[in-house]
Amino acid sequence: MSIETTKKFNIDTVENAAKTPDTELPWAELGLKQNEFDEIVKVLGRRPTGAELAMYSVMWSEHCSYKSSKNHLRQFGEKVTPEMKKDMLVGIGENAGVTNLGDGWAVTFKIESHNSPSFVEPYQGAATGIGGIVRDIISMGARPVAVMDPLRFGAIDHPDTARVMHGAVAGIGGYGNSLGLPNIGGEMVFDSVYQGNPLVNALAVGVMRHEDIRLANASGKGNKVVLFGARTGGDGIGGASVLASESFDDTKPSKRPAVQVGDPFAEKVLIECCLELFKGSLVEGIQDLGAAGISCATSELASNGDGGMQVELTSVLLRDPTLTPGEILMSESQERMMAVVKPENVEAFEAVMDKWAVEYAWLGEVTDTGRLIITWDGEVIVDVDPRTVAHDGPVYDRPYARPEWQDGVQADTFTGSVQDAGRPSAPAELAAAVTELVASPNMCSKSWITDQYDRYVGGNTSMAFPDDAGVVRVDEETGLGVALATDANGRYTYLDPYHGAQLALAEAYRNVATSGAVPMAVSDCLNFGSPEDPDVMWQLAEAIRGLSDACQVLGIPVTGGNVSLYNQTGTTPIHPSPVVAVLGKLDDVARRTPSGWREDGQAIYLLGTTAAELDGSEWANLRGHLGGQPPKVDLEAERALGEILINASRDGMIDSAHDLSEGGLAAALVESSLRYGVGARIALQDILDRDGVDLFTALFSESQGRAIVGVPRSEEVRFTDMCKARGFAHARIGVVDAASGKLEINGVDSMPLDALREAHEGTLPKYFG
Amino acid sequence: MTELPLLGEAIAVAAEPRLAGARIGVVTFPGTLDDRDAARAVRLAGGTAVELWHADTELGDVDAVVIPGGFSYGDYLRAGAIARFAPLMSRIIDAANSDAKLPVLGICNGFQILTESHLLPGSMIKNDHLKFLCRDQVLRVENNATAWTLDYQAGQEITIPLKNQDGQYIADEKTLDALEAEGRVVFRYVGFNPNGSRRDIAGISNEAGNVVGLMPHPEHATEPGFGPESLDGIGGSDTDGLGFFTSVLTKIVGGDK
């Protein structure tokens, strides 16, 4: 025992707390409200110690406790039908949900936000976002196999956007590339609403055999608790510095970074090390350390297991020996894991650690007392029921109401607006409009970003950006694989949160089906403004209601996710941005459908019908208009379209498929042509007659439930028969023309692919070098 | 030994059975990333992949060695600078320089480790554009007489993925002139120099031709459906990298294919 080092602090023991009920504690500085502090005192029957206060304050924070959203999030569980449950092996509540893939395989995936750190320090914020979500996946017993990153930044031409963009992209690349995880897709949106509050979300997916599934619980009295990986430092301690009153030593580093600093090499070693532990069945329960660090890991492990744990905090290996107990409990140092190990496995566990040169410290053991006891050199500084820390935090029914301005916004439609003046109609105008659209910040090629990510590592990437979904092989023998897509449309959701959230789900679902995969599960990252603003709270409530209703219709459950609130600049919230990830299954990834056509003479079909739906569209965005109603949601139609795309892929009826979403048919035709540099001749007269729209609307409307597919001539009859049998609208709109090097649309000036490519790919390099 | 193949143990291979007798070691350092991929490429070419661990003090029974890509020890110092001191590297250096001339292929970080080990001359610095770059890259095979390029035609153009941050090959002019004169520039970038490498050099060999290093990744172009797919247009091959592995296997088992 190192009396010298530990006696530096005036340790606030439980005994001391009981004796000194009137000691002033900095609960407000730690972000707690008066009623919350009172509740802690009530739960404990005395004032908390400094260390206990640190634990409660981080675990009861919005980020960890979901106190504002919990009452609404319940719907994801309540609306789950038996059909939706059939492939769910682990549901919401664990580090990540687990879905059955068949053949003994399981897949786990989750999406999370790392928004505010990525604004403060874009590189480390984004990097540790990847690191954190990957550790969630490892904690389930899975080998991580891919990542994705939906990004939303401020206006493309704002000087600060380049700072955030360069940093975040380099951080995601720098961390993800070093882990050996292919980056298979994501999103990129520029909008001034994200100027002071960019959204950096990160998704990771992992696979495992059923028997390898691990849960975060500490069971078995006498089992050992171990902390391993990186040492604990002073990084990521937000409000903990106010606990410095614990210390009478003024030699501490004065300023600590509130943003964590990542070490991808340590994480890569940690991945391999954990997989070796799982393979040897050497851990009983495991939990990654992310937000709230040791506070979270000990309280969650204990409350999910037999309910008790005893931990000696001076055993924690430190990077900075001056850290106080409270700071150690709150530190968010990266690349750490906590595990529960049976005494007979301790030696084998240590051998794995030594092989990978990973540091570890035995902190204590599992008990059956129902108490989480943390000591500092033998003196009790925490004595709590772990459930009260991890699960029984405050829950708020925040007031919400439909904003007064909502009606006005919805009444302001694009058609006929000032911004709609001079709508293109002549062939030259339409060609110019298509080119302007595909060069615009949100519709341009993202290859400037995706070229900075390794999409090949692992050797199992079957499709990646710019195809509709990322596809990764899981089983090399059978070709079994998964497809993933993430989508959100903040503009739609601003216009109508209920339907906007459903549109995000519909698009991700459609993207996955377009790749040929059967959609199976959903993970969502709900990025919203302040829940204390009734307008924002209404957006959140509506979005969750919409999403949970839509999941029910589509028959796929939410298996996990994250809520990120207080995303705003001053009092101006971001557009409500529910980012929805859908995971699908492909029995054989060789059957996946890419987004571009290649073979000369193939027929191009448009599936679905087009209405005049320009409100909230990318075209309206280009003209500076945001108002009206988002496109109509028809989930039954989405399901029917999905079945057609999946069957056509499985039975070899189509060679390419691309969903229609932002930018409508115009964007889809250009993207499918540029994918392999193969042109097409398109005639839309039948569509105009059938759907009663003009050529501009046919090209730029963002009606949902649509896709374009390339059908080999030999399959045309079979394919159209299938569409007819299912009563789904389909029309032959053109033919692949490999020799022309052009995209030709009747009524639109001919567009050489070279010029389209230059416009499409030139935008990001122009702004970001 | 080190590999934990939750993914990808079994690829059925129908290559020539006699090649399966050839054993190719694939080295794993802490931070190595493409080791499973290199092992898979060896299997797809018909050989037997043998996992090697950086801390091993013996090379064991292998006929050739691949040092795969990744970020060994995080590459926080200089790419490959720490890995070069691994116990197994001493064995590999000895074997490569011995009369038996063990064939050694260094890919990406493996190439960097080979230059740090002085098995190959020159060095790699940060890409001239300072960014990580992942792209499908066209290379010209300048020398098809090395252990790893026998199955290519001289002057053949191949497309394989490139993905790195520190890929700019540099050496002094005298070294570069010597490499050119001795035919030791094995691969050159075609059409686009992705990192500012001197004289468009993508890969080089030692004098004997048994040690080859390159920045692009042949192991990622060995299986249909998982290699370069953005080939502009139609009819391109996504398995152009397989020749590296068939070359060395053929050389090991001897004789014509």
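The values are calculated or read from the model by the stated rules, or taken from the named source; none is laboratory data. Fair warning: this is a prediction, and the values are worked out from it, not measured in the lab. We place every Cβ from the backbone using ideal geometry, glycine too, and count neighbours over all the protein chains shown. Quick note on the areas: whole protein, heavy atoms, side chains included, nothing else; ligands and nucleic acids left out. Shrake-Rupley method; radii C 1.70, N 1.55, O 1.52, S 1.80 Å.
Condition first: of a type in the set (S, T, N, Q), free of Cβ contacts under 8 Å to residues at least 40 places away in the same chain and under 28 Å from residue A:540 (Cβ atoms). Now tell me which residues in the stretch A:22-69 satisfy that.
Once the filter is applied, which keeps residues that are of a type in the set (S, T, N, Q), free of Cβ contacts under 8 Å to residues at least 40 places away in the same chain and under 28 Å from residue A:540 (Cβ atoms), the stretch A:22-69 yields only A:34.
Here are some residues: A:468, A:407. Which one is more than 10 Å from chain B (Cβ to nearest Cβ) and either assigned to a helix (DSSP H, G or I) or open to solvent by 60 Å² or more (accessible area, probe 1.4 Å) (or both)?
A:407
Within the stretch A:213-230, count every residue that is closer than 12 Å to residue A:137 by Cα and open to solvent by 10 Å² or more (accessible area, probe 1.4 Å). Show your work before the answer.
Within the stretch A:213-230, the subset closer than 12 Å to residue A:137 by Cα is A:213-216.
Okay, now just the ones that are also open to solvent by 10 Å² or more (accessible area, probe 1.4 Å), so A:213-215.
Residues that pass the stated criteria total 3.
Just checking, how many residues over the stretch B:115-173 are in a loop (DSSP other than H, G, I, E, B) and either touching a residue at least 24 places away in the same chain (Cβ under 8 Å) or away from chain A (no Cβ under 14 Å) (or both)?
32
When you look at residue A:496, is it open to solvent by 10 Å² or more (accessible area, probe 1.4 Å) and over 24 Å from residue A:84 (Cα atoms), yes or no?
For residue A:496, the condition - open to solvent by 10 Å² or more (accessible area, probe 1.4 Å) and over 24 Å from residue A:84 (Cα atoms) - is met.
Answer yes if at least one residue in the stretch A:632-639 is within 14 Å of chain B (Cβ to nearest Cβ) and either hydrophobic (A, V, I, L, M, F, W, C) or not in a loop (DSSP other than H, G, I, E, B) (or both), and no otherwise. Break it down into steps so the answer makes sense when it comes.
From the stretch A:632-639, those within 14 Å of chain B (Cβ to nearest Cβ) are none; that's our starting set.
Among the residues of the stretch A:632-639, not one is within 14 Å of chain B (Cβ to nearest Cβ) and either hydrophobic (A, V, I, L, M, F, W, C) or not in a loop (DSSP other than H, G, I, E, B) (or both), which makes the answer no.
Could you name every one of the strands (runs of 3 or more DSSP E) located completely within the stretch B:1-93 that has at least 2 residues being at pLDDT 95 or above and over 16 Å from the mean Cα position of the chain (by Cα)?
Here the list reads B:48-53.
Consider the stretch A:417-462. How many of its residues are outside any loop (DSSP other than H, G, I, E, B), more than 14 Å from every other protein chain (Cβ to nearest Cβ) and within 21 Å of the chain's Cα centre (by Cα)?
So the answer is 0.
Across the stretch A:622-670, what is the number of residues that are surrounded by fewer than 19 Cβ atoms within 10 Å (Cβ to Cβ) and among the polar types (S, T, N, Q)?
2
If you go through the stretch A:280-317, how many residues are open to solvent by 10 Å² or more (accessible area, probe 1.4 Å), within 21 Å of residue A:13 (Cα to Cα) and not β-branched (Val, Ile, Thr)?
Adding up the residues that qualify gives 4.
Among the numbered criteria (1) modelled with pLDDT under 95; (2) of a type in the set (S, T, N, Q); (3) not in a helix (DSSP H, G or I), which one does residue A:118 miss?
With respect to (1) modelled with pLDDT under 95; (2) of a type in the set (S, T, N, Q); (3) not in a helix (DSSP H, G or I), residue A:118 is out only on (3).
Can you tell which of A:702, A:671, A:662 is within 14 Å of another protein chain (Cβ to nearest Cβ) and out of contact with any Cys (no Cβ under 6 Å at 6 or more places or on another chain)?
Checking each option against the conditions leaves just A:671.
Of all residues in the stretch B:56-77 being of a type in the set (Gly, Ala, Ser) and more than 12 Å from chain A (Cβ to nearest Cβ), which is surrounded by the fewest Cβ atoms within 10 Å (Cβ to Cβ)? So that I can check it myself, show each step before the final result.
So in the stretch B:56-77, the residues of a type in the set (Gly, Ala, Ser) come out as B:60, B:64, B:69-70, B:72, B:74.
If we keep only those that are more than 12 Å from chain A (Cβ to nearest Cβ) as well, we get B:60, B:64.
On the way: B:60: 12, B:64: 25.
Step by step, filter the stretch B:56-77, then rank; the result is B:60.
Would you mind stating whether residue A:51 is closer than 18 Å to residue A:379 by Cα and over 33 Å from the mean Cα position of the chain (by Cα)?
No.
Kindly provide the set of residues from the stretch A:675-699 that are within 14 Å of chain B (Cβ to nearest Cβ) and open to solvent by 10 Å² or more (accessible area, probe 1.4 Å), ordered by number.
Across the stretch A:675-699, the qualifying residues are A:675, A:677.
Just one of (1) touching a strand residue (DSSP E or B) at 6+ places or on another chain (Cβ under 8 Å); (2) away from chain A (no Cβ under 14 Å); (3) not in a loop (DSSP other than H, G, I, E, B) trips up residue B:178, so point out which.
Against the list (1) touching a strand residue (DSSP E or B) at 6+ places or on another chain (Cβ under 8 Å); (2) away from chain A (no Cβ under 14 Å); (3) not in a loop (DSSP other than H, G, I, E, B), residue B:178 comes up short only on (1).
What are the residues in the stretch A:524-542 that are part of a helix (DSSP H, G or I) and among the aromatic types (Phe, Trp, Tyr), if any? Steps first, please.
Filtering the stretch A:524-542 for residues part of a helix (DSSP H, G or I) gives A:534-542.
The answer is A:538, and nothing else.
Quick grid of which residues meet (1) touching a Lys or Arg at 6+ places or on another chain (Cβ under 8 Å); (2) under 26 Å from residue A:165 (Cβ atoms):
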position	(1), (2)
A:726	no, no
A:739	no, no
A:744	yes, no
A:756	no, yes
A:760	no, yes
A:763	no, yes
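Just to check your reading of the model, which residue among A:402, A:423, A:398, A:387 is under 25 Å from residue A:285 (Cα atoms) and of a type in the set (Lys, Arg)?
When all the criteria are applied, what remains is A:387.
Would you be able to tell me the number of residues in the stretch A:14-44 that are acidic (Asp, Glu) and in a helix (DSSP H, G or I)?
Residues meeting the conditions: 4.
Residue pairs, Cβ under 6 Å, 6 or more apart or interchain, first in the stretch A:647-674 and over 22 Å from residue A:698 (Cβ atoms), second part of a strand (DSSP E or B). List them.
From the stretch A:647-674, the pairs are A:655/A:710.
Condition first: of a type in the set (Ser, Thr, Tyr), open to solvent by less than 10 Å² (accessible area, probe 1.4 Å) and not in a helix (DSSP H, G or I). Now tell me which residues in the stretch A:54-90 satisfy that.
Result: A:68, A:69.
Within the stretch A:576-621, track down each residue that is open to solvent by 10 Å² or more (accessible area, probe 1.4 Å), touching a strand residue (DSSP E or B) at 6+ places or on another chain (Cβ under 8 Å) and more than 14 Å from chain B (Cβ to nearest Cβ).
A:585, A:605
Does residue A:375 satisfy the condition of being assigned to a strand (DSSP E or B) and among the hydroxyl-bearing types (Ser, Thr, Tyr)?
yes
Would you pick out the residues in the stretch A:730-769 that are surrounded by 18 or more Cβ atoms within 10 Å (Cβ to Cβ) and assigned to a loop (DSSP other than H, G, I, E, B)?
A:738, A:747, A:748
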